[in-house]
Amino acid sequence: MTAQALTGRDRPVRRLGDTLFSGGASTAGAIILAVLAAVAGFLIAQSIPAVTTPAEQISILRGRSFWEYALPLAFGTLWAAALALLMAMPLSIGIALFISHYAPRRLASVLGYVVDLLAAVPSVVFGLWGANVLARAVQPGYSWLADNLSWIPLFAGPASGTGRTIFTAAIVLAVMVLPIITAICREVFLQTPRLHEEAALALGATRWEMIRMAVFPFARAGIVSAGVLGLGRALGETMAVAMVLSPALVINVDLISSTNPTTIAANIALSFPEAYGANVNVLIATGLLLFAITLVVNTIARVLVNRRKDFSGAN
């Protein structure tokens, strides 16, 4: 029967529950877009004076242009987040694999609870631990790196005497994002079709070969998504970085020196209480820059996921 031959009596009747659910879901999606547009509009409107006002009239710029002020902050934000993700990603995948495919069921359950509890620890606690415990513990290692590997630009030194460097902040960020990435990867690994795993094992594959051939292809998009969520947490983290770093407005790749680039979020947190007038607009403009960076990172991740979704391992 063609669509033209359908009568009003033959057409499916839409129930009230379906209508309410569809309307509620559409409204929720529209609210999200409206809130995002409102935030973007506010940031753009409040950022205009930061660019149009002469730099001499804005004390926080100290005679520099806005971009000379903002670019080191953007670099520090991306640098710290990239270092954190580089450390956290392999460790998170390893922990997730151990919980999902290697650990006994009871031990896996306990480890899963521990990972979930670690995600609930406040960032201030991580900041206190990083500033008062981790920085002191790693400082001798920084001195050794400066003495023996100073020919590498990352460890050029001189080493910080307090240990409060961008590398310490990156380690703290890595610990903070680790439970988020681990939890998502664990759930994705557990969703791998059992038949795929059993087929690989039946063909003579070892457990690692089975994971490489069956689990990783299926979980590739989920791993990317987990990394993006962790990166978003690292990009926007405020208090932990502000408590650990000894900040400066510089572009510097040295990981162990006392001259460290700071992040946008940490700079806003430290500078906002004393800001006034156009200084507030400058800080809001840096917030707009962080908003744009986050949007670009998420867009790139979405493109990567869409490129690899043709084969998810479940096809």
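Using alpha carbons only, the radius of gyration of the range 82-170 set against its Kirkwood radius gives Rg/Rh = 1.10. Compactness of the range 199-302, taken as the C-alpha radius of gyration over 2.2 N^0.38 Å, stands at 1.61. In whole angstrom, the range 176-257 maps to an equivalent ellipsoid with semi-axes of 39, 14, 9, each derived as √(5λ) from the alpha carbon gyration tensor and ordered largest first. Protection proxy ranking of 71-84, 20-33, by the mean of other Cβ atoms within 10 Å over each peptide's residues and highest first, is 71-84, 20-33. Each Lys or Arg adds one and each Asp or Glu subtracts one; over the other residues with Cβ under 10 Å from the Cβ of Ala96, this totals 0. Taking Thr259, Thr182, Thr299 as the candidate residues, the one with maximal mean-square fluctuation in a Gaussian network model of the chain, Cα springs under 10 Å, is Thr299. Using C-alpha pairs below 8 Å separated by at least 6 residues, the relative contact order for the chain is 27 percent.
Most tightly packed first, judged by the mean number of other beta-carbon atoms within 10 Å of their residues, the peptides 131-138, 263-270 read 263-270, 131-138. Taking every full run of DSSP H in the chain, the ones that stretch at least 15 Å from end to end by Cα along their long axis and average 0.0 or higher on the Kyte-Doolittle scale are 16-52, 66-97, 105-118, 166-190, 216-236, 278-307. Counting Lys and Arg as +1 and Asp and Glu as -1 over every other residue whose Cβ lies under 13 Å from the Cβ of Ala266, the net charge comes to 0. Between the C-alpha center of the range 10-73 and that of the range 213-261 there is a gap of 23 Å. Computed from Cα atoms alone, the Kirkwood hydrodynamic radius reported for the range 67-225 is 18.1 Å.
Bear in mind that the values in this text are calculations on the coordinates, not laboratory data. Please read all numbers here as calculations on a predicted model, not as lab measurements. Glycine also receives a Cβ, built like all others from the backbone with ideal geometry; neighbour counts cover every protein chain displayed.
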